[in-house]
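Presented below is the structure to which this report refers.
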Amino acid sequence: MIGAGITGAACAYAAAALGAEVVLADAGLAGRATAAGAGIICPWASHVDDSAWYALASAAAREYPGLVAALAGAGLGDGSYRRVGALIVTGDADEAAAERERLLARRTAAAEIGDVEVLAARQARELFPPLRADAAAAFVGGAARVDGRLITAALVAAARRGGAEVVAGRAALASRRGRVVGAEIDGRLTEADAVVVAAGAWTAPLLAPLGVSVSVRPERGQIVHLSVGPADTSRWPVVLPVGSGHYLLAFDDSRVVAGATRETGSGFEVRVTAGGLHEVLTQALAVAPGLAAATHLETRVGLRPAGPDLRPLLGPVRGVEGLLVATGLGASGLTMGPLAGKLVAQAALGAGPDLDLAPFDPVRS
Ligand SMILES: Cc1cc2nc3c(=O)[nH]c(=O)nc-3n(C[C@H](O)[C@H](O)[C@H](O)COP(=O)(O)OP(=O)(O)OC[C@H]3O[C@@H](n4cnc5c(N)ncnc54)[C@H](O)[C@@H]3O)c2cc1C
């Protein structure tokens, strides 16, 4: 397994649980998406019109509580996962009612969406006090947040407990007569029957020496962490302003996270820019002016692995025996990563994935 972000870690955990001998290698590259991701799990609010994407994302959201319970039960923590709900902030009550109808229609096939109601601005502010005074909203009870770093560390620890060897180092694919036979990790060959490349935004250059071309590129995201201490933010909902890619969410330690830029064409430049910071803070303060006095803690930068379209790239690479890919999760990888990793582990081990991977062919253009 190459890459121990949320996708590779989940894949290693699942493969070890299926009885495979697993080696998980990671180079700890700056800009890994999992270390910067916000952690919103609410695919049902998305306006994305792609049924395969939605099927995967909603199945992944449904599986999260079970995964978290298993990790917590094993003493590995809950990854700060919590169903805090989400406020879909709209221009007016009519728009909020339309959002509610859309969510209720989806709830017939996804009971985990939970309570859905229209809230007046005053009610919305009771849940998220810094909100602007006129923010009508639709509330989705089933929405959750998770800390990408913590849940991934728990998955790696669980994989290790299942027998996986975790190695720090930069990996390259090793092949013989057109077949992948393992990986060289910092120059040392580790042989394997199958290699899963879950190297996020760095996947394409890893595959290129084999003549395999995948359409995955880095999409930079800058995301700001603020402190509103000593406020108790542990139950504050996610805030999703409708029609905007920006959002707010909170964690237990009086921390509010404001995200994020979506910079296609950023390349691998991992840095905070004046324009990025300005964009994120302007959008955050427009929806939640009460954050103006918050303390700036840090700005994280991550490179989302963006595919040719919204669908991830999952499964075997046609024409190259022993090679599988698990990437392209874009802006939804903290939601989909655990299930995506598991599905590719099942495919690698011939276990018949729980979900059809045909729509996610890694070498589609
Ligand atoms: C600002 C921001 C906000 C986001 N918010 C959300 C959100 O709210 N909800 C959501 O669902 N998703 C969100 N995402 C998306 C999510 O974070 C990503 O889709 C997900 O983390 C991708 O995980 P990954 O494991 O595929 O890739 P990564 O986390 O990038 O992991 C790839 C790993 O591969 C390693 N690697 C690469 N090349 C090599 C090599 N040659 N050898 C060894 N190791 C290698 C790297 O070191 C890295 O650890 C957000 C992303 C960003 C940037």
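Data overview
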{"read-out": "In Hz, Karplus ³J(HN,Hα) per residue of the range 218-226 (6.51, -1.76, 1.60; θ = phi - 60°; x = Gly, Pro)", "value": "x, 10, 6, x, 9, 9, 9, 9, 10"}
{"read-out": "Alpha-carbon gyration tensor eigenvalues x 5, square-rooted, for the range 83-234, Å", "value": "45, 19, 16"}
{"read-out": "Summed side-chain charge close to Ser213 - residues other than Ser213 whose Cβ falls under 15 Å, Lys, Arg +1, Asp, Glu -1", "value": "+2"}
{"read-out": "Amide hydrogen neighbours beyond the local backbone of Val363, cut-off 5 Å, H modeled", "value": "Arg318"}
{"read-out": "Of all accessible heavy-atom area on the range 6-62, the percent that carbon and sulfur account for (1.4 Å)", "value": "51"}
{"read-out": "Mean Cα-pair separation over length for the range 148-188, i.e. relative contact order, pairs under 8 Å, 6 or more apart, %", "value": "27"}
{"read-out": "For the range 61-135: relative contact order, % (alpha-carbon pairs under 8 angstrom, 6 or more apart)", "value": "22"}
{"read-out": "Taking the range 238-365 and dividing mean pair separation by its residue count, relative contact order in percent (alpha carbons under 8 Å, at least six apart)", "value": "17"}
{"read-out": "Local net charge near Gly328, Cβ-Cβ under 14 Å (Lys/Arg +1, Asp/Glu -1)", "value": "0"}
{"read-out": "Local electrostatic count at Gly178 - Lys and Arg +1, Asp and Glu -1, tallied over other residues with Cβ under 14 Å", "value": "+3"}
{"read-out": "Efficiency of FRET from Cβ geometry, Arg177 and Asp78, R₀ 51 Å, rounded to 0.05", "value": "0.65"}
{"read-out": "Relative pair counts by distance (%), Cα atoms of the chain, 20 Å bins", "value": "31, 57, 13, 0"}
{"read-out": "The range 291-338 and the range 106-132: distance between their alpha carbon centers, rounded to Å", "value": "27"}
{"read-out": "Evaluated at q = 0.08, 0.10, 0.13, 0.18 Å⁻¹: base-10 log I(q)/I(0), Debye formula over Cα of the range 215-365", "value": "-0.30, -0.46, -0.70, -1.03"}
{"read-out": "Per-residue HN-Hα couplings for the range 14-31 [Karplus 6.51, -1.76, 1.60; θ = phi - 60°; Hz; x = Gly/Pro]", "value": "5, 5, 4, 5, 7, x, 7, 7, 10, 10, 10, 10, 9, 8, x, 6, 5, x"}
{"read-out": "Cβ-derived FRET efficiency at R0 35 Å, Phe268 paired with Leu349, nearest 0.05", "value": "0.60"}
{"read-out": "Helix 148-161 axis, angle to the chain major axis (alpha carbon atoms, nearest 10°)", "value": "40"}
{"read-out": "Gained length - Asp50 relative to Leu285, 0.36 nm times residue gap less alpha-carbon distance", "value": "81.5 nm"}
{"read-out": "Cα long-axis angle, helix 333-348 against the chain (0 to 90 degrees, to the nearest 10)", "value": "20"}
{"read-out": "Length gained when the stretch Ser213-His278 is fully extended (0.36 nm per residue, less Cα-Cα span)", "value": "19.8 nm"}
{"read-out": "Separation of alpha-carbon centers, the range 193-208 and the range 47-73, rounded to whole Å", "value": "23"}
{"read-out": "Kirkwood Rh, Cα atoms: Rg over Rh of the range 220-281", "value": "1.03"}
{"read-out": "Residues of the chain: accessible area per residue with a 1.4 Å probe, Å²", "value": "41"}
{"read-out": "Over the range 35-145: Kirkwood hydrodynamic radius from C-alpha pairwise inverse distances, Å", "value": "15.0"}
{"read-out": "Carbon plus sulfur fraction of accessible area for the range 262-365, probe 1.4 Å, in percent", "value": "54"}
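The values are calculated or read from the model by the stated rules, or taken from the named source; none is laboratory data. Bear in mind the structure is a predicted one, so any value in this text is a computation, not a measurement. Neighbour counts are summed over all protein chains in view; Cβ atoms, including those assigned to glycine, are modelled from backbone coordinates with ideal geometry. We work out accessible area using only protein heavy atoms, side chains counted, and drop any ligands, DNA or RNA first. Shrake-Rupley method; radii C 1.70, N 1.55, O 1.52, S 1.80 Å.
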